[in-house]
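Some notes on the structure that comes next.
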Amino acid sequence: MLEIAVQDAAGARIAREEGADRVEACSALEVGGLTPSLAMVEACVVEGIPVCVLVRPRAGDFVYDDAEAAVIANDVRWVVSRGAAAVVVGALREGPAGLELDVARLRQWAEVARERNPEVDVVVHRCVDVLFGAGVGPAEVARQLAEVGGVTRVLSSGGKSRAGDGAPVLAQLKAELDRLGAGVTVMAGGGVALEAIPALREAGVEEFHMSARRQIPTGPTGPGGGQSVRSVTDGELVRAARAVIRGAQVHGD
């Protein structure tokens, strides 16, 4: 299963044409991704590929106050009404032992999403990698995900900058989620290199999230001009990733 993070309808079209299974629509990938506009969500849905929508109102940490949480809930409600196949959310809180998943907020957002579409997927994003980085183990992260209830997938690099290096943690996370019967699929995301896909599959990972982008030059921007660049979805990278995943599946059989 290959998911491509895209920032526009052209990216969704390229991802579909080159064999991706679904896309994650977002904006501002340079800061890890933010909520896209509703018009952009609609434009991606029209391209005929399942669209997951990242709902993250700002850059920075994942500890949200009540006002920010309310914005996220409303964004979740509206993107599902515009045809999102999944919502991608995440939140942390300060618990007695340090940072932990904000189970209450995640549960609320999942409920809001399914008010509009009972079949919509709920994905917890790489906020879990902050927990891994803080020394929280896979068993505890799995327990917290299971406590939310109704989570479909979790996106993680295993707390590493490159998901291939986090394969042992992802394997442990998957094993714990399976043991708990949580029904949560582990999706590798964050620095997923093509050469790491076979090893990630050996660790039990079957779903892969990539941005598959390249930089292109654009015209002057900002006061005083100056050249700039922007990122676009690279069809060749999508095609190469699809080929590696299919090859790994054949090899695994």
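The values are calculated or read from the model by the stated rules, or taken from the named source; none is laboratory data. Here the structure is a predicted model, which means the values were calculated and not measured. When we count neighbours, we look across all protein chains shown, and the Cβ atoms used for this are built from the backbone with ideal geometry, even at glycine. Surface areas here come from the heavy atoms of the whole protein model, side chains and all, with no ligands, DNA or RNA. Shrake-Rupley method; radii C 1.70, N 1.55, O 1.52, S 1.80 Å.
Using modelled amide H (1.01 Å from N, peptide plane; none on Pro or chain starts), what sits under 5 Å from the amide H of residue 234, excluding residues fewer than 5 places away?
Result for residue 234 returns 213, 214.
I need the phi-derived Karplus couplings for segment 90-101: 6.51 cos²θ - 1.76 cosθ + 1.60, θ = phi - 60°, integer Hz, Gly and Pro marked x.
3J(HN,Hα) across segment 90-101, in whole Hz: x, 7, 10, 8, 7, x, x, 9, x, 4, 8, 4.
What percent does the relative contact order of segment 72-200 come to when contacts are Cα pairs within less than 8 Å and at least six residues apart?
21
What's the long-distance tail for the chain, i.e. % of Cα pairs beyond 26 Å?
Here the tail beyond 26 Å accounts for 38 percent of pairs.
Given segment 189-246, report the % of alpha carbon pairs whose separation exceeds 18 Å.
46
For the chain, build the charge dipole from Cβ charges (+1 Lys, Arg; -1 Asp, Glu) around the Cα centre, then report which of 198, 80, 45 sits farthest towards its positive end.
Among 198, 80, 45, the one farthest towards the positive end of the dipole of the chain is 45.
Work out from phi, with θ = phi - 60° and the Karplus expression 6.51 cos²θ - 1.76 cosθ + 1.60, the ³J(HN,Hα) of each residue of segment 191-198, listed in order in whole Hz, and give x for Gly and Pro.
Computed from phi, the couplings for segment 191-198 are x, 6, 8, 4, 5, 8, 4, x Hz.
Have a look at 65, 178, 102 and tell me which one the Gaussian network model of the chain (Cα, springs below 10 Å) gives the largest fluctuation.
Of the options given, 65 has the highest mean-square fluctuation.
Carbon-plus-sulfur fraction of the accessible area of segment 162-223, 1.4 Å probe, in percent?
Answer for segment 162-223 is 51 percent, counting heavy atoms of protein chains only.
Relative contact order, percent, of segment 20-111 when contacts are C-alpha pairs under 8 Å separated by at least 6 residues?
26
Return the Rg/Rh value of segment 94-157, two decimal places, where both radii are evaluated on C-alpha atoms and Rh is the Kirkwood radius.
Here the Rg-to-Rh quotient is 0.99.
Pick from 147, 94, 115: which is most flexible by mean-square fluctuation in a GNM of the chain where alpha carbon atoms under 10 Å apart are linked?
Greatest mean-square fluctuation among the candidates belongs to 94.
In whole Hz and in residue order, list the ³J(HN,Hα) couplings for segment 58-68 that follow from phi through the Karplus curve 6.51 cos²θ - 1.76 cosθ + 1.60, θ = phi - 60°; x for Gly and Pro.
7, 6, x, 6, 10, 9, 10, 7, 4, 5, 5
Name the long-range amide H neighbours of residue 185: under 5 Å, sequence gap of 5 or more, or other chain; modelled H, no Pro or chain starts.
Under 5 Å from the amide H of residue 185 lie the amide H atoms of 153, 154, each far enough along the sequence or on another chain.
Running Debye on segment 104-228 with equal point scatterers at the Cα sites and no solvent, what base-10 log of I(q)/I(0) appears at q = 0.16, 0.23 Å⁻¹?
-0.77, -1.28
Under 25 °C and 0.890 mPa s, how fast does segment 47-137 diffuse according to Stokes-Einstein, given a Kirkwood radius computed over C-alpha pairs? Answer in µm²/s, whole number.
D = 181 µm²/s.
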